[in-house]
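One structure is given here, and the rest of the page talks about it.
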Amino acid sequence: MKKFIEGSRATAEIIKLCKPGVISAYPITPQTHIVEELAQMVANGDLDSQFINVESEHSAASVVLGGSATGVRTYTATSSQGLLLMVEVLFNIAGMRLPIVLTCANRAVSAPINIWNDHQDSVTVRDSGWIQLYAENNQEACDLHLQAYKLAENHKVMLPVMVCVDGYILTHAGEIVDIPDQKSIDRFLPKYDPLYKLDVLNPITMGIVGGPDSYMETRFAIHNTMEKTLNEIIPEVSNDFAKIFGRAGNTLIEEYKTDDADTVIVALGSVVGTIKDVADELRKKGKRVGVLKIITHRPFPKNQIYNALRKVKNVGILEKCISLGLSGPLFAEITSLFAAKDDTPKISGFVIGLGGRDVTKQNIEYIFEKLEKGGNNDTEFVGLDENVVKNNKELIINV
């Protein structure tokens, strides 16, 4: 059923239809509306689930870890500092191979204190062993959550999935979203059948000590599963989704007008919509430009990205995060794909929109124009306020 709905409420409705048995979260802007709505559903008797109130995000992650370990489908959500407070448990969840789904309502990381959107939070934990999916719009956010459970609970995967949704831009935006009916979702997502669980009748141990004789093998196993998931399971889940719901499911990447493009911008999340609009306008002016959207960030679809970009002359990597002291993380990752290759495009990095700074069409037009002129040699911050930059420099000198 199609309805005009706030992004957070749409996510809550999808999670309800997935029937998690345990939900736990701690309120943090801009994630709060999701679990607030779920808590109301449980209180009203519309969702048969235990909603467990806790004192921190670390506790919320610990609760869903425990719930999943006992064989129950679980869910949590968080943002920014909340996600970072979960880090210890995030690694435990992945290491214990528990198929938990988490929504990250992306928000900047303090200090200075900032509650607006960028991708620094989720990108910071990209190496924790979680599969990471990024949504461009609220329809895609809903569809990715559905696929996240099927992906995580696949017995060949058994890894947690983080669905990343831009804070405010998507979580608090009203859009027309197609919410599937329960019958269709039950066809796509069967009742959770855990591969293993804590059971007094069939006791097992989880999270045991892994010494030098075994720890490395656990990392190898997760990495190997990620590779298999990338090449086999994600496409399989996407095909199943398309058959049941009649629209494209998650793909590893999405190419937009790249077939004959000389210049392509690569990005994650909602900013892709703005880039597509600018690309359409430039196409009408005869510019051969395109967009590459990365949906699956971990496991990293390196072969698909390489094949999409190898014939392009100029590539711009647009990121809403920064690996301080190096470059944009995605810039470093994509540049490495072309190391020692003959068919290397000119790759330039652009950091934009940090702390919720507006990303305008003029910003995107500037990037396309700069790329056509040869780009840059590293990472450029786009949209800086030069007066603020000057004041910060003076502050450092005075200190």
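Can you list the residues, at least 5 places off or on another chain, whose amide H is less than 5 Å from the amide H of residue 166, using H built in the peptide plane?
Counting only residues 5 or more places away or on other chains, the set is 106, 135, 270.
Determine the relative contact order of the chain: mean sequence separation of Cα pairs under 8 Å and six or more apart, normalised by residue count, in whole percent.
15
Apply the Karplus parameterisation 6.51 cos²θ - 1.76 cosθ + 1.60, with θ equal to phi minus 60°, to every residue of region 64-79 and state each ³J(HN,Hα) to the nearest whole Hz, in sequence, with x for glycine and proline.
5, 4, x, x, 5, 5, 8, x, 10, 5, 10, 8, 8, 8, 6, 8
Using amide H atoms built 1.01 Å from N in the peptide plane, name the residues 5+ places from residue 117, or on other chains, whose amide H lies under 5 Å from its own.
108, 356
Taking every DSSP beta bridge that has both residues in region 254-388, what percent is antiparallel when rounded to the nearest 5?
If we restrict to bridges inside region 254-388, about 20 percent are antiparallel.
Just rank 41, 216, 86, fewest to most, by other beta-carbon atoms within 10 angstrom.
Lowest count first: 216, 41, 86.
Could you tell me which trypsin sites (Lys or Arg not before Pro) in region 246-290 are loop residues by DSSP with no more than 12 other beta carbons within 10 angstrom of their beta carbon?
Those that pass, being in a loop and sparsely packed, are 247, 285.
Which ³J(HN,Hα) values in Hz, rounded to whole numbers, follow from the phi angles of region 298-313 under the Karplus curve 6.51 cos²θ - 1.76 cosθ + 1.60, where θ = phi - 60° and Gly and Pro get x?
Here the 3J(HN,Hα) series is 9, x, 7, x, 4, 5, 5, 5, 4, 5, 6, 10, 5, 9, 8, 6 Hz.
How far is it, in nm, from the label point at residue 127 to the one at residue 365 when both lie 7 Å from their Cα along the line to the Cβ?
4.0
Suppose only helical runs count, i.e. DSSP H with n ≥ 4. What mean residue ellipticity at 222 nm does that imply for the chain under -39500 (n - 2.57) per run, divided by all residues and rounded to the nearest 500 deg cm²/dmol?
-12500 deg cm²/dmol
Between region 156-220 and region 261-275, what's the alpha-carbon centroid distance in Å?
29
For residue 24, what residues show an amide H to amide H distance below 5 Å, using hydrogens built from the backbone and excluding near sequence neighbours?
Result for residue 24 returns 52, 75.
Indicate, rounded to the nearest 5 percent, the antiparallel portion of the DSSP beta bridges found entirely in the chain.
Approximately 25 percent, going by the DSSP bridge assignments.
Using Cα pairs closer than 8 Å and at least 6 residues apart in sequence, work out the relative contact order for region 276-399, in percent.
24
Quick one: Cα centre-to-centre distance for region 35-69 and region 332-397, in angstrom?
Computed from Cα coordinates, the inter-centre distance equals 40 Å.
May I ask you to compute the full-extension gain from residue 110 to residue 186, defined as 0.36 nm times their residue separation minus their alpha-carbon distance, rounded to one decimal in nm?
Length difference between fully extended and current span is 23.3 nm.
May I ask you to sort 258, 29, 70, 11 by Cβ crowding, counting other Cβ atoms within 10 Å and putting the fewest first?
With the fewest neighbours first, 258, 29, 70, 11 line up as 70, 29, 258, 11.
Give me the angle, in degrees from 0 to 90, between the Cα long axis of helix 138-153 and the longest principal axis of the Cα atoms of the chain, rounded to the nearest 10.
With rounding to tens, the tilt is 50 degrees.
Arranged from highest to lowest average of other beta-carbon atoms within 10 Å per residue, in what order do the peptides 178-184, 74-80, 349-355 appear?
74-80, 349-355, 178-184
My understanding is that a pair violates if its Cα-Cα distance is over 24 Å; which of 276/390; 285/313; 287/370; 228/293; 16/228 do that in this structure?
Correct reply: 276/390; 16/228.
Quote the relative contact order of region 108-250 in percent (integer), defining contacts as alpha-carbon pairs under 8 Å separated by 6+ residues.
26
Could you go through region 373-386 in sequence order and give the Karplus-derived ³J(HN,Hα) for each residue, using 6.51 cos²θ - 1.76 cosθ + 1.60 with θ = phi - 60°, rounded to whole Hz, and x for Gly and Pro?
Values, residue by residue: 8, x, x, 10, 9, 8, 9, 10, 7, 9, x, 5, 8, 4 Hz.
Coordinate-derived values only; no laboratory data. None of the values given here were measured: they were computed from a predicted structure. Quick reminder, even Gly has a Cβ in these numbers, built from the backbone with ideal geometry, and neighbours come from all protein chains shown.
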